[in-house]
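Participant: Can you read through this structure? Questions will come right after.
Values in this text are rule-based calculations from the coordinates and carry no lab data. Only a predicted model underlies this, so the values are computations on that prediction, with no experimental measurement involved. As a convention, Cβ positions derive from the backbone with ideal geometry for all residues, glycine included, and neighbour counts pool all protein chains shown.
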Amino acid sequence: MTRIFSGVKPTGHLTLGNYLGAVRQWVEVDQYRAEALFSVVDLHALTVEHDPARVRRLSRQAATLLLAAGLDPERCTVFVQSHVDEHARLSYLLECTATDGELRRMIQYREKGALARAAGESVRLSLLTYPVLMAADILAYGTDEVPVGDDQAQHVELTRDLAVRFNQRYGHTFTVPKATHPRVAARVMDLQDPTSKMGKSHESGAGIVYLLDEPDVVRRKVMRAVTDSGREVEYDRAARPGLANLLDVLAACRGAEPAALAGAYTSYGALKKDTAEAVVELLRPLRKRHAELVAEPGHVDEVLRRGADRARGMARSVVDRAYRAIGLLPAG
Ligand code: TYM
């Protein structure tokens, strides 16, 4: 059976980008068609300045949102990365497989590293090595497919390279995974700056729709989205990124084609209004279920406990095999 692994890192509140780019696929398709694991990858939240209490809070919130979005713990495994030691255990072996050059080339390292330096902050070594930990997340489970938004494509490429290299050097150990992306909205852009990705940890939240935003907040953010000069509504990602982003979001909500939707509008205002309402309706059941789950935290904890037990059982044999293959003496 196909094995799927994906994750979300608790560095901020989950956004519409996370949902359309990744989580929706997990909920609607992946958990039904494969043996799937979805993780709140909390170790990844420690690569930049962080507040321990906030990371803890956001980790529980992310797990609650994944369940509220519709991940069914009877069908898939939902767990917190740090509850399963195998990720960190395998990461070191992959650090011994990767080169510093290939990690320094990672776009996210270059961007986030530059931001930190500009703010006068030091850059944590883990920001550089983070894609190796991500590779370990994926490879520890013999993963075939990694459903992610576009921004993670380079990291999955690195994961493939490391798997192939390890297998060539030490004998076949890892399945070589591939990334899958949603057809529409694989990269939702910031509503205030449609040339940059809608990200959890952006400075101001004005261009970001958070999954838990109140309906009126969602409406306000979408209605104030930056559009391009020009009058006609046409779908052109390069020349009209603001408009294309709204069309992508609306198309993703409706299961339609963005270019086809463009023809149905003669004004930006009408497009914004429909997009705002479509997003509000998309998020309504999720918000409701989230409120219910928050009222029973014991349930979420229990799901995570069982999820970690199951994940540990799956990762153990792969990681043990990698330890033997690379030349480490078995403990006996
Ligand atoms: P993270 O937490 O930034 O994002 C989680 C998922 O949401 C997708 N995504 C988006 N998709 C479309 N438009 C956007 N604006 C947008 N923003 C985020 C991401 O592509 C991702 O699929 N490194 C990963 C977490 C991770 C992981 C893994 C993923 C760690 N280990 C192993 C897969 C497998 C990350 O930072 O995702």
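Participant: Quote the charge dipole size of the range 147-268 about the Cα centre in Debye, to the nearest 20; the model charges only the Cβ of Lys and Arg (+1) and of Asp and Glu (-1).
Facilitator: Values: 16 positive and 16 negative charges, 75 e Å.
Here the range 147-268 has a charge dipole of around 360 debye.
Participant: Give the relative contact order (percent, whole number) for the range 215-292; include only Cα pairs under 8 Å separated by 6+ residues.
Facilitator: Numbers: 84 pairs, mean separation 26.6, N = 78.
For the range 215-292, the relative contact order is 34 percent.
Participant: Between Arg224 and Thr99, 0.36 nm times their residue separation minus their Cα-Cα distance comes to what? Walk me through the intermediate numbers first.
Facilitator: Numbers: separation 125, 0.36 × 125 = 45.00 nm, distance 4.45 nm.
Answer, rounded to one decimal: 40.5 nm.
Participant: Right, something else. Name the residue, out of Val123, Val209, Val84, whose mean-square fluctuation peaks in a Gaussian network model built on the chain with Cα pairs under 10 Å.
Facilitator: The residue that fluctuates most here is Val123.
Participant: Stretched out fully, how many nm does the piece from Arg324 to Thr195 gain, at 0.36 nm a residue minus the Cα gap?
Facilitator: On the way: separation 129, 0.36 × 129 = 46.44 nm, distance 4.64 nm.
Residue separation times 0.36 nm, minus the Cα-Cα distance, leaves 41.8 nm.
Participant: As a test of the formula, what do you get for the chain when each DSSP H run with n ≥ 4 contributes -39,500 (n - 2.57) and the sum is divided by the residue count, at 222 nm and rounded to the nearest 500 deg cm²/dmol?
Facilitator: Values: 11 runs with 163 residues, N = 332.
Calculated at 222 nm, the ellipticity per residue is -16000 deg cm²/dmol.
Participant: On to the next question. Taking the Cα centre of the range 21-77 as the origin, how large is its charge dipole in debye, to the nearest 20, when only Lys and Arg (+1) and Asp and Glu (-1) carry charge on their Cβ atoms? Mind dumping the intermediate values first?
Facilitator: Details: 7 positive and 8 negative charges, 34 e Å.
Dipole size: approximately 160 debye.
Participant: How would you classify the range 1-92 from its alpha-carbon gyration tensor, with a ≥ b ≥ c the square roots of the eigenvalues: rounded for a/c under 1.5, else prolate if a/b is greater than b/c, otherwise oblate? Display every interim value, and only then the final one.
Facilitator: Working: a/c = 2.04, a/b = 1.32, b/c = 1.55.
Cα axes put the range 1-92 in the oblate bin.
Participant: Mind scanning Lys197/Lys221; Lys9/Lys221; Lys221/Lys288; Lys197/Lys288; Lys9/Lys272 and naming the pairs with a C-alpha gap bigger than 18 Å?
Facilitator: Details: Lys197/Lys221 15 Å; Lys9/Lys221 24 Å; Lys221/Lys288 21 Å; Lys197/Lys288 27 Å; Lys9/Lys272 30 Å.
Where the Cα-Cα span goes over 18 Å, the pairs concerned are Lys9/Lys221; Lys221/Lys288; Lys197/Lys288; Lys9/Lys272.
Participant: Using a Förster distance of 30 angstrom, determine the FRET efficiency expected from the C-beta separation of Asp161 and Glu49, and round it to 0.05.
Facilitator: 0.50
Participant: Can you say what percent of the DSSP beta bridges in the chain, counting only those with both residues inside, are antiparallel? Round to 5.
Facilitator: Given both bridge residues lie in the chain, the antiparallel proportion sits at roughly 10 percent.
Participant: Ok, one more. Over the chain, with a Gaussian network built from C-alpha contacts below 10 Å, which listed residue (Gln25, Gln168, Gln61) shows the highest mean-square fluctuation?
Facilitator: Gln168
Participant: Another one. Roughly how many Å is it from the Cα centre of the range 105-167 to that of the range 224-256, as a whole number?
Facilitator: Centre-to-centre distance over Cα atoms comes out at 30 Å.
Participant: To continue, here is another question. Over the chain, calculate the relative contact order: mean separation of alpha carbon pairs under 8 Å at least 6 apart, over the residue count, as a percent.
Facilitator: Details: 533 pairs, mean separation 74.0, N = 332.
The normalised contact order for the chain reaches 22 percent.
Participant: Rank-order 64-73, 318-327 by packing density, defined as the average count of other C-beta atoms within 10 Å over each peptide's residues, highest first. If you can, show how the numbers build up before the last one.
Facilitator: Numbers: 64-73: 21.0, 318-327: 16.7.
Per-residue mean Cβ counts within 10 Å order the peptides as 64-73, 318-327.
Participant: Taking the 0 to 90 degree range and rounding to the nearest ten, how far is the long axis of helix 52-69 tilted relative to the main principal axis of the chain, both from C-alpha atoms?
Facilitator: Roughly 70 degrees, rounded to the nearest 10.
Participant: Could I ask something else about it? Which shape class, rounded, prolate or oblate, goes with the chain when its Cα gyration tensor gives a ≥ b ≥ c as root eigenvalues, a/c under 1.5 marks rounded, and past that a/b bigger than b/c marks prolate? If you can, show how the numbers build up before the last one.
Facilitator: Numbers: a/c = 1.86, a/b = 1.58, b/c = 1.18.
Here the chain falls in the prolate category.
Participant: Would you kindly derive the ³J(HN,Hα) couplings of the range 218-224 from the backbone phi angles with the Karplus curve 6.51 cos²θ - 1.76 cosθ + 1.60 (θ = phi - 60°), listing them in order in whole Hz, with x for Gly and Pro?
Facilitator: Working through the residues one at a time gives 4, 4, 4, 5, 6, 5, 8 Hz.
Participant: Taking amide H atoms as placed 1.01 Å from N in the peptide plane, list the residues 5 or more away in sequence, or in a different chain, whose amide H sits under 5 Å from that of Leu37.
Facilitator: Those lying under 5 Å, H to H, from Leu37 are Ile4, Phe5, Ser6, Thr77.
Participant: Continuing with the same structure: Helix 86-95 versus the longest principal axis of the chain: what is the Cα-based angle in degrees, 0 to 90, to the nearest 10?
Facilitator: Approximately 80 degrees, to the nearest ten.
Participant: Can you return the aspartates and glutamates within cross-link range of Lys200? Criterion is Cα-Cα under 12 Å, with same-chain partners fewer than 8 residues away left out.
Facilitator: Result set, ordered by chain and number: Asp190.
Participant: Taking the Cα centre of the range 181-253 as origin and charging only Cβ (+1 Lys, Arg; -1 Asp, Glu), how large is the dipole, in debye to the nearest 20? Kindly include the intermediate steps, with their values, before the conclusion.
Facilitator: Details: 11 positive and 11 negative charges, 25 e Å.
So the dipole magnitude of the range 181-253 works out to roughly 120 debye.
Participant: Next question, about the same structure. Provide the per-residue ³J(HN,Hα) series for the range 305-318, in order, calculated from phi with Karplus coefficients 6.51, -1.76, 1.60 and θ = phi - 60°, each as a whole number of Hz, with x at glycine and proline positions.
Facilitator: Taking θ as phi minus 60°, the curve returns 5, 5, x, 5, 4, 5, 4, 4, x, 6, 7, 3, 5, 5 Hz for the range 305-318.
Participant: Sticking with this one: Using Cα atoms only, what is the angle between the long axis of helix 107-118 and the major principal axis of the chain, expressed in degrees (0 to 90) to the nearest 10?
Facilitator: 80
Participant: Which aspartates and glutamates have a Cα less than 14 Å from the Cα of Lys112, not counting those fewer than 8 places away in the same chain?
Facilitator: Glu49, Glu121, Asp151, Glu203
Participant: Using a ≥ b ≥ c from the Cα gyration tensor of the range 174-295 (square roots of the eigenvalues), is it rounded, prolate or oblate, where a/c under 1.5 gives rounded and otherwise the larger of a/b and b/c decides, a/b for prolate? Intermediate values should be presented prior to the final figure.
Facilitator: Details: a/c = 1.58, a/b = 1.19, b/c = 1.33.
Oblate.
Participant: Could you give each residue of the range 19-29 its phi-based ³J(HN,Hα) in whole Hz, using Karplus coefficients 6.51, -1.76, 1.60 with θ = phi - 60°, and x for Gly or Pro?
Facilitator: Taking θ as phi minus 60°, the curve returns 5, 6, x, 9, 4, 4, 4, 4, 6, 7, 10 Hz for the range 19-29.
Participant: Can I ask one more? Using 7 Å Cα-to-Cβ label points, what is the Glu257/Asp236 separation (nm, one decimal)?
Facilitator: The two pseudo-label positions are separated by 1.9 nm.
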